[in-house]
1. When you look at B:LEU40, is it within 27 Å of B:GLU154 (Cα to Cα), outside the structural domain of B:ILE183 (by TED's automatic domain parsing) and either at pLDDT below 95 or not in a strand (DSSP E or B) (or both), yes or no?
2. Name the residues in the stretch B:35-53 that are crowded, with 24+ Cβ neighbours inside 10 Å and either over 11 Å from the mean Cα position of the chain (by Cα) or among the β-branched types (Val, Ile, Thr) (or both), would you?
3. Name the residue that is farthest from the other protein chains (Cβ to nearest Cβ), counting only residues in the stretch A:169-185 that are in contact (Cβ under 8 Å) with a residue 12 or more places away in the chain and in contact with an Asp or Glu (Cβ under 7 Å, 6 or more places away or on another chain).
4. Tell me, which residue of the stretch A:155-168 that is out of contact with any helix residue (DSSP H, G or I) (no Cβ under 8 Å at 6 or more places or on another chain) and within 7 Å of another protein chain (Cβ to nearest Cβ) is surrounded by the fewest Cβ atoms within 10 Å (Cβ to Cβ)?
5. Has the stretch B:139-154 got any residue that is buried (at least 16 other Cβ atoms within 10 Å of the Cβ) and under 20 Å from A:PHE2 (Cβ atoms)?
6. Can you work out which of the residues in the stretch B:100-128 that are of a type in the set (A, V, I, L, M, F, W, C) and surrounded by fewer than 17 Cβ atoms within 10 Å (Cβ to Cβ) is modelled with the highest pLDDT?
7. Consider B:PRO131 against the criteria (1) more than 20 Å from B:VAL50 (Cα to Cα); (2) over 16 Å from the mean Cα position of the chain (by Cα): it satisfies all of them except one. Which criterion is unmet?
8. Under the condition of being surrounded by fewer than 20 Cβ atoms within 10 Å (Cβ to Cβ) and touching a strand residue (DSSP E or B) at 6+ places or on another chain (Cβ under 8 Å), which residue from the stretch A:61-81 is nearest to A:VAL27 (Cα to Cα)?
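The values are calculated or read from the model by the stated rules, or taken from the named source; none is laboratory data. Small disclaimer: the values here were computed from a predicted structure and weren't measured. Because the Cβ atoms are built from the backbone with ideal geometry, glycine has one as well, and the counts that use them run over all protein chains shown.
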Protein chains: 2
Amino acid sequence: MFKKIKPTVLIAHDLLASYVQPGAVAVDATVGNGHDTLFLAQLVGQAGRVYGFDIQEEAVKKTAELLAQNGFTDTVRLFQAGHENLLDYVTEPVDAIVFNLGYLPGGDRNIVTGADSTTKAVRDGLALLKPGGIASLIVYTGHPGGPEEKEALEAFMQTLNKNEFCAARLDFLNRKNAPYLIIIEKSLV
Amino acid sequence: MFKKIKPTVLIAHDLLASYVQPGAVAVDATVGNGHDTLFLAQLVGQAGRVYGFDIQEEAVKKTAELLAQNGFTDTVRLFQAGHENLLDYVTEPVDAIVFNLGYLPGGDRNIVTGADSTTKAVRDGLALLKPGGIASLIVYTGHPGGPEEKEALEAFMQTLNKNEFCAARLDFLNRKNAPYLIIIEKSLV
């Protein structure tokens, strides 16, 4: 039982809460069961807007249900589309973009995000960020293809101009295969 | 110019401030110019106690001066000794232990912490931690011997029992050779 170190997903939520203000525009690139989508909808409020994507119909349906149950119907636009195509749907600058990689919890574990499409999606997502905006990625390595996705992502991160982006990684040295966090802040200038 | 991502040393201070309460016992294993020692002395206050170590006379002297200038003379015990020998001086459980590795800023860059002594010091420091206590390490890799120290430390972290310790790493993927942070929390149970 640890005192202050939280699970990765909650660390990500704390960080997002410090960046995303009411009225903001946010993207959930991989809605999954919709928990992050709902969290973003709550942060941006009625004056904001959230775009949500998932390649799986099941995920989009579950997310729509969760949002409806919580009274968020107008401010979230859901699309059944892979995150690598988000630029086809989002054309305005965004304050935050969230990726939760791997497979759909409770869904088909053979349908996973992949190294190439994830790298493209993250590159496109960063291009949408406003100055001072934040991208959050939760990365899993315990499933087939996970280590390759991690390698590709981290190699891409190393290419980011350090004056334009700061890419920080928070991982756990004595927890092999625990999900870990990458956050990328876009410079203000 | 980044908005919320701070330099590693300040991230470490924020974390320490959330763990170290007035009356706590803290160790600065590598006092250097004394900035962390002073910060810890301020956190623990008059009811607390700080032990400070450095192998270099110059560092101990500078730290003593900085503490005196700030009115902290009674609560800090400074020792000119390598951090690998801290168990010779600290025999009580501690709430926090801080390591700032590499060389003394402004001092002789040939005198650096080393892989073997640092690993021993960290192992000994963790043995001193109270349940719920925290160890903070700022690691530098840009100087000769730095990469080897990082490798040794991270290999040691991987051996820590995950029920007893949580070892988290915060580093920067697009800042090669930037100092980075390892924090280790000891479980409450």
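1. Here the answer is yes, as B:LEU40 does meet what is asked.
2. Answer for the stretch B:35-53, where residues must be crowded, with 24+ Cβ neighbours inside 10 Å and either over 11 Å from the mean Cα position of the chain (by Cα) or among the β-branched types (Val, Ile, Thr) (or both): B:THR37, B:ALA41, B:VAL50.
3. So the residue we want is A:TYR180.
4. Per the stated criteria, the residue is A:GLN158.
5. Scanning the stretch B:139-154, I find no residue that is buried (at least 16 other Cβ atoms within 10 Å of the Cβ) and under 20 Å from A:PHE2 (Cβ atoms), so the answer is no.
6. Once the filter is applied, the top-ranked residue is B:ALA127.
7. All conditions are met except number (1).
8. A:ARG77
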